[in-house]
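So the structure is just underneath, and the comments pick up after that.
Each value in this text was obtained by applying a stated rule to the coordinates, not by laboratory testing. Predicted model, so just to flag it, every value in this text is computed and none were measured. Here Cβ is always computed from backbone atoms with ideal geometry, including for glycine, and neighbour counts include all displayed protein chains.
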Amino acid sequence: SDILGRSPAILDAKRLSENFADAQFTVMLYGETGTGKEMFAQSIHNASARQNHPFVAINCGALPENLLESELFGYEKGAFTGASDKGKAGKFEAANGGTIFLDEIGDMPPHLQVKILHVLQNMRFERVGGNKNIIVDVRVIAATNKDLESMIREGTFREDLYYRLSVIPLTIPPLRERRDDIKLLMYHFLRKYNTFM
């Protein structure tokens, strides 16, 4: 209900999201920047049986490659210079029992794509600098604004990971394809921001 819109394109996307909210399969959200992919991911989580467990989001394109791995999987004490002497849990551990949202998955470097594939297949991983298997129960929702099929042909995205992630594909329509909603959204934001004045 937080996703506003009455146009057929957005209603179809909402209906599909609701239909597979309780499925345990991975979901791949496709859409341009600003279409609300994280809002859809959060809504799918909220409508699922995992709603009382964590929803953890991470933007794979916003972090440097050397930090992304430790953010996703955590690290053991002394794993690298500057690491906490207590170690740190990663996003997958934080999302245990709930949902992890991997935004901008198309920006993930190839060696981390392998680790994500391993987690999807086995629901286990090791922290950076560790050798102990950590078992998790998470649902993965990923999102991208890139053409992953073209990236597969170019050799920059793994085909096996693509098929693991795209079990349930969903395209979020941009506003130019749902012009009927512009007036609705305009009045919504006018009401919302006028309350702060």
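Overview of results
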| read-out | value |
| --- | --- |
| Compactness of the chain as Cα Rg over 2.2 N^0.38 Å, two decimals | 1.12 |
| Kirkwood hydrodynamic radius (C-alpha pairs) into Stokes-Einstein, region 101-151, 4 °C and 1.567 mPa s, D in µm²/s | 106 |
| In region 49-137, lysine pairs with alpha-carbon atoms under 14 angstrom apart (chain gap of 8 or more, or interchain) | 5 |
| Contour minus Cα-Cα distance for residue 66 and residue 18 (0.36 nm per residue) | 13.7 nm |
| Residues of region 165-194 with amide N under 16 Å of a point placed 7 Å along Cα→Cβ from residue 4 | 175-176, 178-194 |
| Surrounding net charge for residue 114, when Lys and Arg each add one and Asp and Glu each subtract one, Cβ distance under 15 Å | -1 |
| Sorted largest first, extent of region 1-90 alpha carbons per principal axis (Å) | 53, 28, 21 |
| All aspartates and glutamates inside 17 Å of residue 183 as judged from Cα atoms, apart from same-chain residues fewer than 8 positions distant | 2 |
| Share antiparallel - DSSP beta bridges, the chain, percent rounded to 5 | 15 |
| Highest-MSF residue in the chain out of 72, 16, 102 [GNM, Cα springs under 10 Å] | 16 |
| Two-decimal Rg to Rh for region 102-197 - Kirkwood Rh, Cα set | 1.16 |
| Average silhouette area of region 62-153, convex hull of alpha-carbon atoms, in square nanometres | 6.3 |
| Calculated P(r) of region 143-197 - Cα pairs past 16 Å, % | 62 |
